[in-house]
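All remarks here apply to the structure that follows.
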Amino acid sequence: IVFFLLAGVTYAVFPRVVFRIIVAIMLIKISHIKLGSVLGYFYTADEQCLPDGPHFSYTYYITVAGIVGSIVNLVAVMLYQSYLSSCRFRPALMCTILAGAIAPVMDIILIKRWNLALGISDKVFFILGSAIFEHFVNIVVALPMMVIFGKLAPPNMESAVFS
């Protein structure tokens, strides 16, 4: 219902080309599976609640994800600026959408405990998966969308488009 309401308002307020892009981006966003908040309970559950879980302390879970994620966000912006900013929009967007579709696989591997079968500890796989790969994908998926919004925003409506 919210999607249709937002799409209707966008159709009424913005030019049609902006409307189509905003609807496409909204569809891309709602199609990505994000398990982050649910996985917080999985990662931090104690032995009694989840005997075979990773049992991260809250300090490790929040600190590592925050610090490593911030560093990865900075690196992702620099890599996007260096390599993808000169690409045409559609190939760049398709590459980032594909990466976004692959990102939840890292969580599934950890939930199914396949990382242990591969000999990778939970903490290392968490850093490689959730703290690095997923943060990187989130930024790289968002950047082309922000760039196209910036290019298509009608004069004096930039703040409305970005909101």
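The values are calculated or read from the model by the stated rules, or taken from the named source; none is laboratory data. Quantities reported herein were computed from a predicted structural model and do not represent experimental measurements. Cβ: placed from backbone, ideal geometry, glycine included. Neighbour counts: every protein chain shown. Heavy atoms of the whole protein, side chains included, go into the accessibility calculation; ligands, DNA and RNA do not. Shrake-Rupley method; radii C 1.70, N 1.55, O 1.52, S 1.80 Å.
Sub-6 Å Cβ pairs linking a first residue in the range 95-110 that is within 21 Å of residue 45 (Cα to Cα) to a second residue that is aromatic (Phe, Trp, Tyr), at least 6 apart or interchain, are 106/133; 110/125, ordered by first then second residue. Pull up the range 4-22, narrow it to residues that are without any contact (Cβ under 8 Å) to a residue 40 or more places away in the chain and open to solvent by 50 Å² or more (accessible area, probe 1.4 Å), then point me to the one that is nearest to residue 154 (Cα to Cα). Among those that are without any contact (Cβ under 8 Å) to a residue 40 or more places away in the chain and open to solvent by 50 Å² or more (accessible area, probe 1.4 Å), it is 16. The set of residues in the range 23-67 that are hydroxyl-bearing (Ser, Thr, Tyr) and over 13 Å from residue 126 (Cβ atoms) comprises 31, 37, 41, 58, 59. Filter the range 144-163 for residues that are surrounded by 11 or more Cβ atoms within 10 Å (Cβ to Cβ) and within 13 Å of residue 13 (Cβ to Cβ); which is modelled with the lowest pLDDT? Per the criteria, the residue is 161. The range 55-125 holds helices (runs of 4 or more DSSP H) entirely within its bounds, and those carrying 1 or more residues that are open to solvent by 60 Å² or more (accessible area, probe 1.4 Å) and basic (Lys, Arg) map to 89-111. Checking each residue in the range 23-54 for being open to solvent by less than 30 Å² (accessible area, probe 1.4 Å), free of Cβ contacts under 8 Å to residues at least 24 places away in the same chain and either in a helix (DSSP H, G or I) or not aliphatic (A, V, I, L, M) (or both) picks out 23, 40, 44, 53.
Given the conditions (1) farther than 23 Å from residue 22 by Cα; (2) at pLDDT 80 or above; (3) assigned to a helix (DSSP H, G or I); (4) open to solvent by less than 60 Å² (accessible area, probe 1.4 Å), and given that residue 139 satisfies all but one, which numbered condition is not satisfied? If we test residue 139 against (1) farther than 23 Å from residue 22 by Cα; (2) at pLDDT 80 or above; (3) assigned to a helix (DSSP H, G or I); (4) open to solvent by less than 60 Å² (accessible area, probe 1.4 Å), just (1) comes out false.
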